[in-house]
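S.K.: Pasting a structure here, questions to come.
The values are calculated or read from the model by the stated rules, or taken from the named source; none is laboratory data. Quantities reported herein were computed from a predicted structural model and do not represent experimental measurements. No Cβ is skipped: glycine too gets one built from the backbone with ideal geometry, and neighbour counts run over all protein chains shown. Note: areas computed on protein heavy atoms with side chains; ligands, DNA, RNA excluded. Shrake-Rupley method; radii C 1.70, N 1.55, O 1.52, S 1.80 Å.
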Amino acid sequence: ALGQIPLGGQRPALLDELGEGGALPTERDLAERYGVARETVRLALRDLLLEGRLRRKGRGTVVAGPKLEQPLSLASYTEGVRRQGRRPGRTLVGLERFGCPEALAAEVGAAPGDPVWHLERVLLADDERVGLESTYVAVARAPRLDADFDPDSSFYAYLRDRVGAVFGDADERIETVLATPREALLIGTPPALPMLLLHRASRDARGRPLERVRTLYRGDRFSFTTRLG
């Protein structure tokens, strides 16, 4: 579809013409403008959405800005977004306390059945929903999490400044997935949009398990970078 109308190519001319944040004409207007069927336009727009060149805004479609580059390092989401001149934010979905299941115990340094926190938040960049983060930490590590933590702030900064935890290292794995219907609804994306799923198990400076994090990032809004030596 991209090759059949002047939206394709390395950088579609129409997107340059509209600029970042510019609203696209309707499918009908685009079909009339380029003399093609609306289904051809629809397929082209779908491909551009999946590539991250366009994004949904309300009931319309606008030109997307460049992808956010998140470093693969022991740095918080807040730090990574701020480095790119964007305003980070988070919306609390829920904070619950429950008995630790056996499969999670080793990663958070708790015994099965010990209380753990589950903190779930939608990630924002300039008020745009871009991801969903689930953090698990033993209640013994952060006993007052429900009382003195601001859900819109950096959890890493909280652990460092209020709990006194010093991060040491982490194991991290990234894979591509499709969001569940619930996850897609929270992030505000269609279920067919590819996601980048990051798993992280962090340890403190003494090598003790600290936290377990599962984060979904929008595949059309994020890329990950690292430096190799």
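S.K.: Could you tell me how many of the residues in the stretch 27-55 are touching a Ser or Thr at 6+ places or on another chain (Cβ under 8 Å) and either open to solvent by 80 Å² or more (accessible area, probe 1.4 Å) or under 27 Å from F222 (Cα atoms) (or both)?
M.R.: Count: 4.
S.K.: While we're on this one: Looking at the stretch 19-40, I want the residues that are within 16 Å of R56 (Cβ to Cβ) and have a partner that is hydroxyl-bearing (S, T, Y) with Cβ atoms under 8 Å, at least 6 apart or on another chain. Which pairs are those?
M.R.: Final answer for the pair search is A23/T61; L24/T61.
S.K.: A follow-up question, please. Examine the stretch 165-179 for a residue that is in the same structural domain as R208 (by the TED database), free of Cβ contacts under 8 Å to residues at least 12 places away in the same chain, open to solvent by 40 Å² or more (accessible area, probe 1.4 Å) and not hydrophobic (A, V, I, L, M, F, W, C), and state whether such a residue exists.
M.R.: no
S.K.: Only one residue in A44, A125 is at pLDDT 85 or above and small (G, A, S). Which one?
M.R.: Step by step, each of A44, A125 is checked, and only A125 is at pLDDT 85 or above and small (G, A, S).
S.K.: Give the residues of the stretch 91-120 that are aromatic (F, W, Y) and touching a residue at least 24 places away in the same chain (Cβ under 8 Å), sorted by residue number.
M.R.: As a first pass, look at the stretch 91-120 and keep what is aromatic (F, W, Y): 98, 117.
Within the stretch 91-120, W117 is the sole residue that qualifies.
S.K.: Specify the residue that is surrounded by the most Cβ atoms within 10 Å (Cβ to Cβ); the eligible residues are those in the stretch 180-229 that are of a type in the set (G, A, S) and modelled with pLDDT under 85.
M.R.: Applying the first criterion (of a type in the set (G, A, S)) to the stretch 180-229 yields 184, 188, 192, 201-202, 205, 207, 219, 223, 229.
Still in the running and modelled with pLDDT under 85: 192, 219, 223, 229.
Values: A192: 11, G219: 21, S223: 13, G229: 2.
Among those that are of a type in the set (G, A, S) and modelled with pLDDT under 85, it is G219.
S.K.: In addition: Residue under question is A142, and the condition is that it be open to solvent by less than 50 Å² (accessible area, probe 1.4 Å), small (G, A, S) and touching a residue at least 60 places away in the same chain (Cβ under 8 Å); does it hold? Before you say what the answer is, go through the steps one by one.
M.R.: Values: open to solvent by less than 50 Å² (accessible area, probe 1.4 Å): yes; small (G, A, S): yes; touching a residue at least 60 places away in the same chain (Cβ under 8 Å): no.
For A142, the condition - open to solvent by less than 50 Å² (accessible area, probe 1.4 Å), small (G, A, S) and touching a residue at least 60 places away in the same chain (Cβ under 8 Å) - is not met.
S.K.: For the condition open to solvent by 50 Å² or more (accessible area, probe 1.4 Å), at pLDDT 95 or above and under 24 Å from L186 (Cα atoms), what is the one hit in E96, E120?
M.R.: E96
S.K.: A further question follows. Since Y158 meets every condition but one in (1) under 17 Å from the mean Cα position of the chain (by Cα); (2) of a type outside the set (S, T, N, Q); (3) closer than 17 Å to Y77 by Cα, which condition does it not meet?
M.R.: (1)
S.K.: Let me ask you something else. Given L123, L159, L210, L185, which one is in contact (Cβ under 8 Å) with a residue 12 or more places away in the chain and either among the charged types (D, E, K, R) or within 30 Å of R59 (Cα to Cα) (or both)?
M.R.: Numbers: L159 fails: either among the charged types (D, E, K, R) or within 30 Å of R59 (Cα to Cα) (or both); L210 fails: either among the charged types (D, E, K, R) or within 30 Å of R59 (Cα to Cα) (or both); L185 fails: in contact (Cβ under 8 Å) with a residue 12 or more places away in the chain.
Being in contact (Cβ under 8 Å) with a residue 12 or more places away in the chain and either among the charged types (D, E, K, R) or within 30 Å of R59 (Cα to Cα) (or both) holds for just one of L123, L159, L210, L185, which is L123.
S.K.: Report whether or not E20 is at pLDDT 70 or above and over 18 Å from L193 (Cα atoms).
M.R.: Judged against the criteria, E20 is a match.
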